[in-house]
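Notes follow the structure.
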Protein chains: 2
Amino acid sequence: MISNKAKYAFRALLAIAASSDRQAMASADIAQRYAIPHKFLEQILVDLKKAGILDSRRGKNGGYVMLRPADTISFGEVLRLFEGPLAPLPCLSRQSYRRCEDCIDESRCDIRREFGRAYDAYRRVLDSRTLADALDSGHGQNDDFLRRSA
Amino acid sequence: MISNKAKYAFRALLAIAASSDRQAMASADIAQRYAIPHKFLEQILVDLKKAGILDSRRGKNGGYVMLRPADTISFGEVLRLFEGPLAPLPCLSRQSYRRCEDCIDESRCDIRREFGRAYDAYRRVLDSRTLADALDSGHGQNDDFLRRSA
DNA sequence: GCAATTCCCTATTCACTAGATAGGGTATAC
DNA sequence: GTATACCCTATCTAGTGAATAGGGAATTGC
């Protein structure tokens, strides 16, 4: 199960990406619309800004806007930001590989081989699908007035 | 990342499944061979017995044997035993479905749709590959004298 | 029939993390 | 120059992973 933090991040990102780029979305608005604890959401949005995904404006009419375009941001990237490595075993992570401590021969490990198959399939989807893809698949219905929840 | 508990369970199961069915494997032997804390492993093996996967014999020459054949036990089944639902969202789990609390329309949730794709791919592998498959893929080398680790 | 062996059961500990909550600091627009 | 909204740091709580501890119960071999 993914964390609430990650789930909130996706909700906020999809909301921001789906809105018109001209005006920023305030964290308080997002929080209210999606029933996310405001202070908690603020921390998340700051993380997304530090990661170079969002930009922010302060003061009246301030809020958050996309910094990078939505079709360059994959689900995998966002998920890794909040969950750390997605791999089921440290020895399967490409981005933060770590050897299993008491492993003698990695290339012969049955567990690694089987989880490698599964993880490959999982990762392939998450790293290829972007926020823009997700919005496009929404059957064309713009649900700005609905809560896009999970 | 999967838990140590699950990892230990796989090691033990693969060891038992790979050994000759005639004689039981003692928990202490498995623990020593794979560097698993003995008392911790005992708990795991009892869980596997309660799940109907292993059988046990007490006393001298006692130990554990497979109850169900290795080609009927999928990685998914074992993983669920120790990790609970594998789905990234409660609303995606078939075996223990739970609605997301603040979700208005599940069928329109972008997050659910995208993670559904990824999870399908992941689950498909884990639920189809069995312990026997894993042992068969081991390039024919019987590594009873090696630690099969992860 | 008894002692060694091995499985079995329950409780406890310790560190770590998720998931917030709290409170104020800082920049900006009007 | 004040309201607005982002930003930063600290703290709290419940839950969980990963063991450790200690003894009880069944079985086998002698």
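The values are calculated or read from the model by the stated rules, or taken from the named source; none is laboratory data. This structure is a prediction, so every number in the text was calculated from the model and none was measured. A quick note on method: Cβ atoms are made from the backbone with ideal geometry, for glycine too, and the neighbour counts reach across all protein chains shown. All accessible areas refer to the heavy atoms of the entire protein, side chains included, with ligands and DNA or RNA removed. Shrake-Rupley method; radii C 1.70, N 1.55, O 1.52, S 1.80 Å.
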**Prompt:** For labels at B:D120 and A:K50 in the simple 7 Å Cα→Cβ model, what's the distance in nm?
**Reply:** 3.6 nm
**Asked** How large, in percent, is the carbon and sulfur part of the accessible surface of the range B:74-128 at a probe radius of 1.4 Å?
**Response** 45 percent
**Message:** Between helix B:110-128 and chain B, what is the angle of the helix's C-alpha long axis to the longest principal axis, kept within 0 to 90° and rounded to the nearest 10?
**Reply:** 20 degrees
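Over the range A:74-128, calculate the relative contact order: mean separation of alpha carbon pairs under 8 Å at least 6 apart, over the residue count, as a percent.
Values: 38 pairs, mean separation 24.8, N = 55.
For the range A:74-128, the relative contact order is 45 percent.
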**Asked** Using Cα atoms only, what is the angle between the long axis of helix A:4-18 and the major principal axis of chain A, expressed in degrees (0 to 90) to the nearest 10?
**Response** 50 degrees
**Fill in**
Counting only DSSP loop positions in the range A:1-47, the trypsin sites (Lys or Arg not before Pro) whose Cβ has at most 13 other Cβ atoms within 10 Å are A:R22
**Request:** Using a Förster distance of 22 angstrom, determine the FRET efficiency expected from the C-beta separation of A:D136 and A:T72, and round it to 0.05.
**Result:** 0.95
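Going by a ≥ b ≥ c, the root eigenvalues of the Cα gyration tensor, does the range B:74-128 fall in the rounded group (a/c under 1.5), the prolate group (a/b larger than b/c) or the oblate group?
Working: a/c = 3.35, a/b = 1.71, b/c = 1.96.
Judged from the Cα gyration tensor, the range B:74-128 comes out oblate (a/c at least 1.5, b/c at or above a/b).
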**Request:** Please give the solvent-accessible surface of A:R57 in Å², to the nearest 10, using a probe radius of 1.4 Å with every protein chain present.
**Result:** 110 Å²
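Across the residues of A:119-131, average count of Cβ atoms on other protein chains within 10 Å?
Mean shielding count: 5.
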**Fill in**
Here, GluC sites (Glu not before Pro) of the range B:9-112 satisfying both criteria (DSSP loop; at most 13 other Cβ within 10 Å) are B:E101
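Quick check on my link table: of A:K7/B:K5; A:K7/A:K60; A:K7/B:K50; B:K5/B:K50; A:K7/A:K49; B:K39/B:K60, which ones sit more than 23 Å apart, alpha carbon to alpha carbon?
Over 23 Å apart, Cα to Cα: A:K7/B:K5; A:K7/A:K60; A:K7/B:K50.
Taking a ≥ b ≥ c as the square roots of the eigenvalues of the Cα gyration tensor of chain B, is the shape rounded (a/c under 1.5), prolate (a/b larger than b/c) or oblate? Please report the intermediate quantities before stating the final value.
Working: a/c = 2.65, a/b = 2.08, b/c = 1.27.
Since a/c reaches 1.5 and a/b is larger than b/c, the shape of chain B is classed as prolate.
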**Request:** Distance between Cα centroids, the range B:12-26 to the range B:77-108: provide it in whole Å.
**Result:** 33 Å
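Partner chain Cβ atoms within 10 Å, averaged over the residues of A:102-109 - can you pull that number for me?
Details: counts 7, 4, 5, 5, 2, 1, 8, 11.
Average neighbour count from other chains, rounded to a whole number: 5.
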**Across the identical copies, how the A:T72 labels are spaced - nm, sorted shortest first, 7 Å along Cα→Cβ** = 5.5
**Message:** Of the candidates B:S74, B:S128, B:S107, which one comes out as most mobile in a Gaussian network treatment of chain B with C-alpha springs shorter than 10 Å?
**Reply:** B:S107
**Request:** Would you check the accessible area of B:C103, probe 1.4 Å, heavy atoms only, in square angstrom rounded to 10?
**Result:** 10 Å²
**Item:** Fluctuation leader among B:I36, B:I104, B:I53 - chain B, Gaussian network, Cα springs under 10 angstrom
**Value:** B:I104
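To the nearest 20 debye, what is the magnitude of the charge dipole of chain A about its Cα centre, counting +1 on the Cβ of each Lys and Arg and -1 on the Cβ of each Asp and Glu? Walk me through the intermediate numbers first.
Values: 25 positive and 20 negative charges, 87 e Å.
For this selection, approximately 420 debye.
Which whole number gives the average, over all residues in B:4-12, of C-beta atoms from other chains lying within 10 Å of the residue C-beta? Walk me through the numbers on the way to the answer.
Details: counts 0, 0, 2, 5, 0, 0, 5, 4, 0.
That average works out to 2.
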**Fill in**
Computed about the Cα centre, the charge dipole of the protein assembly as shown from +1 Lys/Arg and -1 Asp/Glu charges at the Cβ has a magnitude in debye, to the nearest 20, of 600 debye
